[in-house]
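Working notes, structure below.
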Amino acid sequence: MDGIEDRSPRPGPRGKRGYFLLKSTRVRDDAWMSQPEAARTLGVSALRVAMLLANGRLTPAENQAGHAGVTGDSVRAEESWRAQATRRAKLTRLLIDAVGYF
């Protein structure tokens, strides 16, 4: 993706560095989505978005202003998977993700 640079978590006060504990990528604002927006798009809770991030299903990113979120591409990929996956596949993945999250 054009205009992407790898970023590591920054030291400093939490309010100034965002809430990333994961290595993030800086993306253009149009390729970025906040975690609450991702939760609404996917129809899941904020905790489930956190689980998806922790298990690598969503890609952490920050916008040009340095706000934490996810890439829009990873949300669209997750949305597509959810539309095509069977109920059994969704349940299996939820259990695997829950174990991996904790």
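The values are calculated or read from the model by the stated rules, or taken from the named source; none is laboratory data. Computed from a predicted model, the values in this text were never measured in an experiment. Using ideal geometry, Cβ is built from the backbone for each residue, glycine included, and neighbour counts are taken over all protein chains shown.
Here are the numbers for the structure shown:
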{"quantity": "Conditions (1) within 24 Å of I96 (Cβ to Cβ); (2) modelled with pLDDT of 90 or more; number of the one not met by A50", "calculated": "(2)"}
{"quantity": "Residues (of a type outside the set (G, A, S) and either surrounded by 12 or more Cβ atoms within 10 Å (Cβ to Cβ) or part of a helix (DSSP H, G or I) (or both)) located in region 70-86", "calculated": "V70, T71, D73, V75, R76, E78, E79, W81, R82, Q84"}
{"quantity": "Selection status of A89, of a type in the set (G, A, S), assigned to a helix (DSSP H, G or I) and modelled with pLDDT under 95", "calculated": "no"}
{"quantity": "Pair list, Cβ < 8 Å and 6+ apart or interchain, from region 66-79 residues that are of a type in the set (D, E, K, R) to residues that are assigned to a helix (DSSP H, G or I)", "calculated": "D73/A31; E78/L42; E78/L52; E79/T41; E79/L42"}
{"quantity": "Checklist (1) at positive phi; (2) among the small types (G, A, S); (3) at pLDDT 90 or above applied to G72, failing item", "calculated": "(1)"}
{"quantity": "Any hit, region 59-73, residues being of a type outside the set (F, W, Y) and over 17 Å from W32 (Cβ atoms)", "calculated": "no"}
{"quantity": "Of all residues making up region 31-46, the number that are assigned to a helix (DSSP H, G or I) and modelled with pLDDT of 90 or more", "calculated": "9"}
{"quantity": "Among residues of region 60-102, those that are more than 11 Å from V27 (Cα to Cα) and touching a strand residue (DSSP E or B) at 6+ places or on another chain (Cβ under 6 Å), counted", "calculated": "1"}
